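Novice: One structure, as structure tokens, below. Some questions next.
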Amino acid sequence: MKLGNFIAKLLSLLLVIGFLMYYQSVAVVRAAAVEENEAAIAAVEAHNREVQQEYEALLRAADEAEAEAQAAEGPYVNGVYEGEGTGYGGAVRVRVEIVGGYIDHIEVTEHSGEDPAYYMLAESLVDAMVTAQSDQVDTVSGATFSSQGLIQAVGHAL
Amino acid sequence: MEQEVREKPKLTPAQLKKRRNQRNAWLRAGIQAVFFFSMPGAFVAGFSGVKNIFQRIGAGQTLQWNSFVSALVGLCVFTVIFGRFFCGYVCAFGTLGDFVYWLSGLVQRKVFHRKKQLQIPAKLTPWGQKVKYVILAAIIALCAFGLYDRLSGWNPWSVFSFFMALRFRLSGYWPGLVLLLLIVTGMAFRERFFCQFLCPMGAVFALLPQMPFAPLQRKPEQCIPGCQACKRQCPVDIKLEPDGFLNGECIGSERCAGVCPKNNLTRWDRKLLRSEAAAALVKAALFFVLGVLLGLCRFITIR
């Protein structure tokens, strides 16, 4: 029975892979449904906001100019800002571009101290911070230090 | 090598064997040193793949192909084909274990004049080797229930990675430091203490269906009756049963092959290349390329 051990482990491995594939198929369907729901909610909310804005526009018709100025500007001051944070193996530097008062673009200019496998995961935070329009995002589990470096650098730039 | 044999005919076969073993030991240490400094995060990245999968399952998210998961799959495929070469020659924690154990032996011999290195009793080995499966299960459960990230200060590997990056400010990581010190203490009194007893990635490797040709092969009928030289050398106490080498616990130290008086332990790669050193070097080069592609090397970035 030299191969018994091997076959038993092979079957266990196939079982695990099968479970992960089954989970993934369910999770993908679920994620699609969640996305659909969120899109529907967002559509309704957008509609509500539109109605609200029309209502407020009517209310503040008198000082229209001021209202427009407020709607056009985001929370940040336009410009290009450099920031620096401490990652796992040294400095992490970013360039944050603010357009129309919003974070338009974050470019990582320095990450040479980070191990590639870890940095690649932490890099997803760039998009997350643009979406959140803030540096208040959670670190990536397992790549905590690279994440902290990026977040710190963006926070510094802002 | 054969040429040297002719030049120095005075050496007995036993002396030649000893010399060869010493060379192989130095070669192994050299390969380990290269990987220790170039890919110290390989084991943690691979295991983070396991954590990532179960954290996403726990949170009900879709699984994601990212650099941790690819590191996990890369390590596992390499291990299925070549056995636990990664454990024996590459993993930084294994190298740390070998170094601490060697240093402890040196100190015990030179300072305390002990003839035999103080050891954790071999009786406890089979029980101890089960502990890593409990640790693996516990970490998977913590990940699936979303509790793992709250315990980040307890992570001894984080503290180890701090040291590897020459960072010594450990605020919040004191429990992890204590655990790391306990592990290093264990390493001093048992060869590969962490690898065989505690390593959750070692548990994953031991559960993998390694190819039947992956471990060293022994032909029991050619053995000297009663000789247990290989068993006595084995750092993880593998039994001499015919399929004992297939039980997954072998960490690929390959010391058994060196000590065997009849050279009765071999493997396809050693036969193919007609040299133990070449087999180790070729596999090390292969893993280095794989590691660079997986983003495990500190000094080389590939996009």
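Coordinate-derived values only; no laboratory data. Keep in mind the model is a prediction, meaning the values are calculated, not measured. Every residue, glycine as well, gets a Cβ built from its backbone with ideal geometry; the counts of neighbours run over all protein chains shown.
Novice: Output the peptides B:124-132, B:136-144 sorted from most to least packed, where packing is the average of other Cβ atoms within 10 Å over each peptide's residues.
Specialist: B:136-144, B:124-132
Novice: While we're here: For region A:10-158, what log10 I(q)/I(0) values come out of the Debye formula at q = 0.19 1/Å, with one point per alpha carbon and no solvent?
Specialist: With one equal scatterer per Cα and no solvent, log10 I(q)/I(0) is -1.06.
Novice: What are the extents of the Cα atoms of region A:4-67 along their three principal axes, in Å, largest first?
Specialist: 85, 19, 8
Novice: Do me a favour and compute the ellipsoid semi-axes for region B:168-303 from its Cα gyration tensor, root of five times each eigenvalue, largest one first, whole Å.
Specialist: Listed largest to smallest, the semi-axes of region B:168-303 are 32, 23, 13 Å.
Novice: A further question follows. Helix-only estimate, please: 222 nm mean residue ellipticity of chain A, summing -39500 (n - 2.57) across DSSP H runs of length 4 or more and dividing by its residues, to the nearest 500.
Specialist: Per the formula, -20500 deg cm²/dmol.
Novice: Restricting the calculation to Cα positions, tell me the Rg (one decimal) and the Dmax (whole number) of the protein assembly as shown in Å.
Specialist: Radius of gyration, then largest Cα-Cα span, for the protein assembly as shown: 27.7, 109 Å.
Novice: A follow-up question, please. Say we join alpha carbon atoms closer than 10 Å with springs in a Gaussian network model of chain B; which of B:Leu106, B:Leu147, B:Leu11 then has the biggest fluctuation?
Specialist: So, out of B:Leu106, B:Leu147, B:Leu11, the one fluctuating most is B:Leu11.
Novice: Can you compute the helix-only [θ] at 222 nm over chain B? Use -39500 (n - 2.57) per DSSP H run of at least 4 residues, normalise by all residues, nearest 500 deg cm²/dmol.
Specialist: Rounded to the nearest 500, it is -18000 deg cm²/dmol.
Novice: Sticking with this one: Can you compute the charge dipole magnitude of the protein assembly as shown about its Cα centre, using +1 on each Lys and Arg Cβ and -1 on each Asp and Glu Cβ, nothing else charged? Give it in debye, rounded to the nearest 20.
Specialist: 5600 debye
Novice: Something else: Give me a single rounded figure for A:133-146: the average over its residues of other chain Cβ atoms within 10 Å of their Cβ.
Specialist: Rounded to a whole number, the mean comes out at 4.
Novice: Then there's this: Applying 1/(1 + (r/R0)^6) with R0 = 30 Å to the Cβ-Cβ distance of B:Phe145 and A:Ala39, what FRET efficiency is obtained, to the nearest 0.05?
Specialist: Given R0 = 30 Å and the Cβ-Cβ separation, E is 0.50.
Novice: Let me ask you something else. How are the Cα pair distances of region A:79-157 distributed, in percent, across 10 Å bins from 0?
Specialist: Cα pair-distance distribution for region A:79-157, in percent: 23, 58, 18, 2.
Novice: Here's a follow-up. Can you give me the angle between helix B:92-110 and the longest principal axis of chain B, using Cα atoms only, in degrees from 0 to 90, rounded to the nearest 10?
Specialist: 50 degrees
Novice: Okay, next question. Helix B:42-58 versus the longest principal axis of chain B: what is the Cα-based angle in degrees, 0 to 90, to the nearest 10?
Specialist: Once rounded, one gets 40 degrees.
Novice: Place +1 on the Cβ of every Lys and Arg and -1 on the Cβ of every Asp and Glu in region B:96-177, take the dipole about the Cα centre, and give the residue among B:Leu103, B:Leu177, B:Phe162 whose Cα lies farthest towards its positive end.
Specialist: In region B:96-177, that residue is B:Leu103.
Novice: Limiting things to C-alpha atoms, what are the Rg and the maximum Cα-Cα separation (Dmax) for region B:233-303, in angstroms?
Specialist: Considering region B:233-303 through its Cα atoms, Rg and Dmax are 15.6, 49 Å.
Novice: Additional query: Would you mind calculating the relative contact order of region A:79-157 from Cα pairs under 8 angstrom and at least 6 residues apart, reporting the percent as a whole number?
Specialist: Reported as a whole number, the value is 39 percent.
Novice: Among A:Val29, A:Ile103, A:Leu10, whose Cα sits farthest toward the positive end of the charge dipole of chain A (+1 at Cβ of Lys/Arg, -1 at Cβ of Asp/Glu, about the Cα centre)?
Specialist: Farthest along the dipole direction, towards plus: A:Leu10.
Novice: Output the Cα-based Rg and Dmax of chain B in Å, rounding Rg to one decimal and Dmax to a whole number.
Specialist: Just the Cα atoms of chain B yield Rg and Dmax of 20.2, 70 Å.
Novice: On a 24 Å Cα-Cα criterion, which of the cross-link pairs B:Lys231/B:Lys262; A:Lys9/B:Lys123; B:Lys51/B:Lys132; B:Lys110/B:Lys231 come out too long?
Specialist: Violating the 24 Å Cα-Cα cut-off are A:Lys9/B:Lys123; B:Lys110/B:Lys231.
Novice: If one takes the longest principal axis of the Cα atoms in chain A, at what angle in degrees, from 0 to 90 and to the nearest 10, does the Cα axis of helix A:4-59 lie?
Specialist: Orientation of helix A:4-59: about 10 degrees from the principal axis.
Novice: Still on this model: Compute all pairwise cysteine Cβ distances in chain B, then list the cysteines with no distance under 4.7 Å to another cysteine.
Specialist: B:Cys76, B:Cys87, B:Cys91, B:Cys143, B:Cys195, B:Cys199, B:Cys223, B:Cys227, B:Cys234, B:Cys250, B:Cys260, B:Cys297, each lacking another Cys Cβ under 4.7 Å.
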